[in-house]
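Structure record follows, encoded as structure tokens.
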Amino acid sequence: MESTKRTCTCGDLRKKDVGKDVILNGWVHRTRELGGLTFVLLRDRYGITQVVVGDGADETVRKTVESLKSEYCIAVRGKVSARSEKDINPDMATGEIEVEAEEIEVFTTSQELPFAIGEVRQKDGTIVIPNEDLRLKYRYLDLRRDAMQKNIILRSKVTFAVREFLTNEGFLEIETPTFIKSTPEGARDYVVPSRVHPGTFYSLPQSPQLYKQLLMVSGFDKYFQIARCYRDEDARGDRQPEFTQIDMEMSFTNREEVLDVTENMLRFVFKKTMNYDLPVKFDRLSWEDAFDFYGSDKPDLRFDMKMQDATFMADLSDFNAFKAGAENAGKDVERHKRSGIKVLVVKNVADTYSRKGIEALEGVAKTYKAKGLAWMKVVGSDSNNTSLHFEGGISKFFVGKESEICPKLGAEHNDLLLFVSDEKWQTACTALGAVRKQLGKDLNLYNKDDEFHFVWIIDFPYFAWNEDENHWETEHHMFTLPQKKYWDTLESDPGSVKGDLYDLVLNGYELASGSMRINDPALQERIFEIVGYSRERAEKAFGFLVQAFTFGAPPHGGIAPGLDRLVMLMCHEESIHEVIAFPKNNLASSPLDDCPSEIDEAQLNELHLKCAI
């Protein structure tokens, strides 16, 4: 072939191109023979085009096509022809045409594949996904799969849309350092030894937090960065040791402006990349209401099943589990004046939800420290409350009380009532909230018209009491601004203080966390003292930031949506591994290149290190 440079991609050709001479480059997706014809599906990231070799083709072409196997990388020169009406494939963008091959050149061959690149389905239609470690070992092959190509392409589009929106809003993209001073807060730092400064170490940033605040002091009032961040966390879930966030900070601002900018950015991104219209304003919930109604500070609001207060039921029977929850209502921690008896009314499932299913839900509740999951079913006519009665579970304790209980809870015939009672309000909420989340999956309660449900969680507690170490600590980071109405009582009543901070939740996942920041050195020092940071320790860790605040620091605040998680949810995936080109596995290692790995003695000596293992 005189030239192998492609003239179009495998997704370009349409019926209007019939008669054109073209050159295609790509990978052999599949071959098949039919009635003396050989068909080759040629694939690149833009699509698939069918190539056909007939009996009349040049002998060299026929021999070459007979040798082709999956994932051979080839060039094809040929003429575009129209498929007959019966051969049109409506499921392919190029399904009205095919290319009659006149020349084929094999760039490279392929060994036998460790797994199929094309989609493999079981008889029930379930897509077969290869073992994850195998996928990660051969990630370059895994990335050829259609699903992965679509995910990575969408990620690129989302990143570009973020940059486009924020730049148009006057934000400046500014890079912050990757090698920074270690400030061991939250997760563990990844540290990097310095060769030229023996015995000292850099840290990889868990976030650009301190530097973006310094940029506000520097006068750059609108900053953003597609920031790479690093956290040395224990293996759990789909956390990654390195991840990406959309880091933003603004000066001379307030919470409302930060929330508005974030909402506008996400509306722009969804419309630009998916042609999906998000609501003009996102829902808002206080932290306490989120726990009280949904049992979580990251509730999934795609279905409406609120938890309710069942404290009144403690006075209707001698059921001991309810007595404890009622007696301790409001005594959990001073800031929580809520009941320790929570109930879910699960509509119209009493006749179908099995005892085994309820026991499985109890297992979920116990995982979150509940002592158990009480239940009973509502049966009988609901034309009037006197005809309803309870069955199963704890129903014997509430015989004859149906007319007092059902109207208050909105319970009707065939409803299932699920209860958690605990001395601690937050334990009861969290445990029953986990049950609610499981029910959403089990019963497929999600609203199909509410594909992406955002909600802001606001009014978080600023401090949390660490019972193990017997001191207060901040719920988020120490640079969060306490709401102004609590400034006079920070030291005298830390438990009641709420922070000027906010989380953005999407479909039950925390997508972003942000806050207004402290810009007053004296207020910052008060926070250090409350959490037990000595002046010396604070100076050593954060002295450069506090010093910067003494030179006219503006009021400022920001937020940092997680790019990996955002794209994961947009792609309807369940793991961020599916939207990162080269992720680590759940043990923070890479089967692809076997990192982390040992380094040789010479490198250790250069870094003035000795390996203790």
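Some observations on this one:
- Each residue in the range 334-357 was checked for being over 18 Å from A370 (Cβ atoms) and at pLDDT below 75, and 3 of them qualify.
- Some residue of the range 511-530 being in contact with a strand residue (DSSP E or B) (Cβ under 7 Å, 6 or more places away or on another chain), open to solvent by 10 Å² or more (accessible area, probe 1.4 Å) and within 20 Å of S182 (Cα to Cα): no
- Residue in the range 574-592 that is touching a Gly at 6+ places or on another chain (Cβ under 8 Å) and either exposed (fewer than 15 other Cβ atoms within 10 Å of the Cβ) or hydroxyl-bearing (S, T, Y) (or both) present: no
- Criterion: touching a residue at least 40 places away in the same chain (Cβ under 8 Å) and open to solvent by 80 Å² or more (accessible area, probe 1.4 Å) - qualifying residue of R62, R6, R77, R32: R6
- All positions within the range 154-210 that are within 17 Å of P561 (Cβ to Cβ) and open to solvent by 60 Å² or more (accessible area, probe 1.4 Å): S156, K157, F160, R163, T167, E169, E173
- In the range 432-474, the residues that are assigned to a strand (DSSP E or B), of a type in the set (A, V, I, L, M, F, W, C) and either open to solvent by 70 Å² or more (accessible area, probe 1.4 Å) or touching a residue at least 12 places away in the same chain (Cβ under 8 Å) (or both): F454, V455, W456, I457, I458, F463, W465, W472
- Filter result for C73 (farther than 15 Å from I104 by Cα and among the hydrophobic types (A, V, I, L, M, F, W, C)): no
- Among the residues of the range 93-111, those identified as open to solvent by 40 Å² or more (accessible area, probe 1.4 Å) and under 21 Å from D146 (Cβ atoms) are A93, E96.
- Inclusion of I576 among residues that are more than 30 Å from S492 (Cβ to Cβ), out of contact with any Asp or Glu (no Cβ under 6 Å at 6 or more places or on another chain) and of a type in the set (V, I, T) is not warranted.
- Inclusion of R43 among residues that are among the charged types (D, E, K, R) and closer than 21 Å to R139 by Cα is warranted.
- Flag for C429 being in a helix (DSSP H, G or I) and without any contact (Cβ under 8 Å) to a residue 60 or more places away in the chain: no
- Candidates K306, K298: the one that is in contact (Cβ under 8 Å) with a residue 12 or more places away in the chain, open to solvent by 30 Å² or more (accessible area, probe 1.4 Å), touching a helix residue (DSSP H, G or I) at 6+ places or on another chain (Cβ under 7 Å) and not in a helix (DSSP H, G or I) is K306.
- Selection status of D503, among the charged types (D, E, K, R) and either free of Cβ contacts under 8 Å to residues at least 40 places away in the same chain or crowded, with 23+ Cβ neighbours inside 10 Å (or both): no
- Meeting the requirement of 1 or more residues that are without any contact (Cβ under 8 Å) to a residue 24 or more places away in the chain and among the basic types (K, R), the helices (runs of 4 or more DSSP H) wholly within the range 509-613 are 535-549.
- For the range 373-389, a residue qualifies if it is surrounded by 14 or more Cβ atoms within 10 Å (Cβ to Cβ) and farther than 22 Å from F293 by Cβ, and the qualifying residues are K377, V379, G380, D382, N385, L388, H389.
- Selected residue (criterion: least open to solvent (accessible area, probe 1.4 Å)) from residues of the range 121-153 that are of a type in the set (K, R) and free of Cβ contacts under 8 Å to residues at least 60 places away in the same chain: R135
- Condition check for G558: in contact with a Gly (Cβ under 6 Å, 6 or more places away or on another chain) and either of a type in the set (G, A, S) or open to solvent by less than 10 Å² (accessible area, probe 1.4 Å) (or both): yes
- Search result, residues across the range 242-294 that are in a strand (DSSP E or B), under 30 Å from L344 (Cβ atoms) and in contact with a His (Cβ under 8 Å, 6 or more places away or on another chain): D283
- Only residues that are surrounded by 21 or more Cβ atoms within 10 Å (Cβ to Cβ) and either of a type outside the set (A, V, I, L, M, F, W, C) or farther than 21 Å from K306 by Cβ (or both) were counted in the range 391-426, giving 3.
- Filtered residues of the range 149-190 (kept if outside any loop (DSSP other than H, G, I, E, B) and modelled with pLDDT under 95): I180, R188
The values are calculated or read from the model by the stated rules, or taken from the named source; none is laboratory data. Computed from a predicted structure; not experimentally measured. Please note: Cβ atoms are built from the backbone with ideal geometry, for glycine as well, and neighbour counts cover all protein chains shown. SASA here: full protein model, heavy atoms, side chains in, ligands and nucleic acids out. Shrake-Rupley method; radii C 1.70, N 1.55, O 1.52, S 1.80 Å.
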